[in-house]
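Right, one structure below, let's go through it.
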Amino acid sequence: MNLGELTEEFTKLGLPAYRARQVFKWLHKLNVNSFSLMSDLPAILRKNLEENYNITSLSIEKKLKSEYDSTIKYLFRLNDGEFIESVLMEYLHGYSICISTQVGCRMGCTFCATGLGGLSRNLSPAEMLAQVQTAAEDTGHRISNIVLMGMGEPLDNFDNVLRFLELVSCEEGLNIGMRHISLSTCGLVDKIEELIPKSPQFTLSVSLHAPNDALRLQTMPINRKWNVDTLLKTCRRYAKSTGRRISFEYAMIKGFNDSDQCAHELGRKLKGMLCHVNLIPVNTVKNSGYNKSTAERQRQFCSVLKGYGITATIRRTLGSDINASCGQLRGSLN
């Protein structure tokens, strides 16, 4: 519930509005997982809440710490026994967490470990929020940035993701501003269109990974429904309407999509758009057959894009020794 809904719920119980604000603070700022711990509430009210309402929480099933950097990967157990992953990363600007939005994924991208097992279910807004809170509680770090790029396709869980964004950015809660949040999608054009009139202030990251349909179809089944040109046309509308720069994710796969020819084709298609290209050395996923491009090839690809006036960077690899890419830890349970 947001604060307004919680206040309405308490009003129905004959309770004053300030009680709702107290409970909201306990849940979102103080991160308690039991009503019995809400010490400024009357004992009878705590008992009543405990009997009639539930606080969503996660348990840490497994925790891996990188020996190379401060990256931490979590495998969380949900209340129904399902598992999801989150990754906490340290940058110069502070701590950022990559969270999951679904248990599994039904998009079927061939370079991603998450989709190998298909989709189990959507996560609730509370389960998304609990990933942020549990990691912060476990480490004692203040998390200032969030990336919705873990397990699942965020726009395939559209309403729950929007409610999570509302809760996590709420001033009375964690108060993480939308400008500090990135949402990654493989390109659900209908949902991107639905976002445009809302003019969201988060960063939209689109997983492109190829400059044309022939290549993209081999790695991303979603391209059968919305091809590259259709996706990029919508992205141009989104950037122009919202005034927000789109980030295109491009996994560099050796000998597949990392040639100068691909770079020039991509440069021509993105030229003039308010965008940024994030080149990602592809993760090693068992049985995928994909290998990451060489560092020199990555730099050359980046240089070609810059020749078209496109801002392009090569993502720094974090947590490589702990399988920090999506789905690999959960997949090891099977």
Failed criterion for Pro42 (all others in (1) at pLDDT below 95; (2) on the phi < 0 side of the Ramachandran plot hold): (1)
One residue from Ala210, Ala239 being in contact with a Leu (Cβ under 6 Å, 6 or more places away or on another chain) and under 22 Å from Thr313 (Cβ atoms): Ala239
Residue count, segment 185-207 (criterion: touching a Leu at 6+ places or on another chain (Cβ under 8 Å) and closer than 19 Å to Leu279 by Cα): 6
Some residue of segment 308-320 being modelled with pLDDT under 75 and part of a helix (DSSP H, G or I): yes
Entirely in segment 114-231, the helices (runs of 4 or more DSSP H) that have 2 or more residues that are under 13 Å from the mean Cα position of the chain (by Cα): 125-139, 158-168
Subset of segment 68-101 [surrounded by 17 or more Cβ atoms within 10 Å (Cβ to Cβ) and either at positive phi or among the aromatic types (Phe, Trp, Tyr) (or both)]: Tyr74, Phe76, Phe83, Tyr95
All positions within segment 250-275 that are buried (at least 17 other Cβ atoms within 10 Å of the Cβ) and closer than 19 Å to Pro200 by Cα: Met273, Cys275
Residue within segment 288-306 that is surrounded by fewer than 18 Cβ atoms within 10 Å (Cβ to Cβ), among the polar types (S, T, N, Q), in contact with a strand residue (DSSP E or B) (Cβ under 8 Å, 6 or more places away or on another chain) and within 20 Å of Leu204 (Cα to Cα) present: no
Residues that are in contact (Cβ under 8 Å) with a residue 12 or more places away in the chain and out of contact with any helix residue (DSSP H, G or I) (no Cβ under 8 Å at 6 or more places or on another chain), drawn from segment 204-224: Ser205, Ser207, Gln218, Thr219, Met220, Pro221, Ile222
Set Ser199, Ser184, Ser207: member being in contact with a Pro (Cβ under 8 Å, 6 or more places away or on another chain) and small (Gly, Ala, Ser): Ser184
Segment 144-166 - residue that is buried (at least 22 other Cβ atoms within 10 Å of the Cβ) and in contact with a helix residue (DSSP H, G or I) (Cβ under 6 Å, 6 or more places away or on another chain) and, of those, farthest from Thr203 (Cα to Cα): Met151
Yes/no for Ser241 being touching a Ser or Thr at 6+ places or on another chain (Cβ under 9 Å) and in a helix (DSSP H, G or I): yes
Within segment 38-65, considering residues that are surrounded by 12 or more Cβ atoms within 10 Å (Cβ to Cβ) and of a type in the set (A, V, I, L, M, F, W, C), the one nearest to Met128 (Cα to Cα): Leu58
Unique match (being within 19 Å of Gly150 (Cβ to Cβ) and free of Cβ contacts under 8 Å to residues at least 40 places away in the same chain) among Asn33, Asn48, Asn122: Asn122
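The values are calculated or read from the model by the stated rules, or taken from the named source; none is laboratory data. Only a predicted model underlies this, so the values are computations on that prediction, with no experimental measurement involved. All Cβ positions, even for glycine, are placed from backbone atoms using ideal geometry, and neighbour counts span all protein chains on display.
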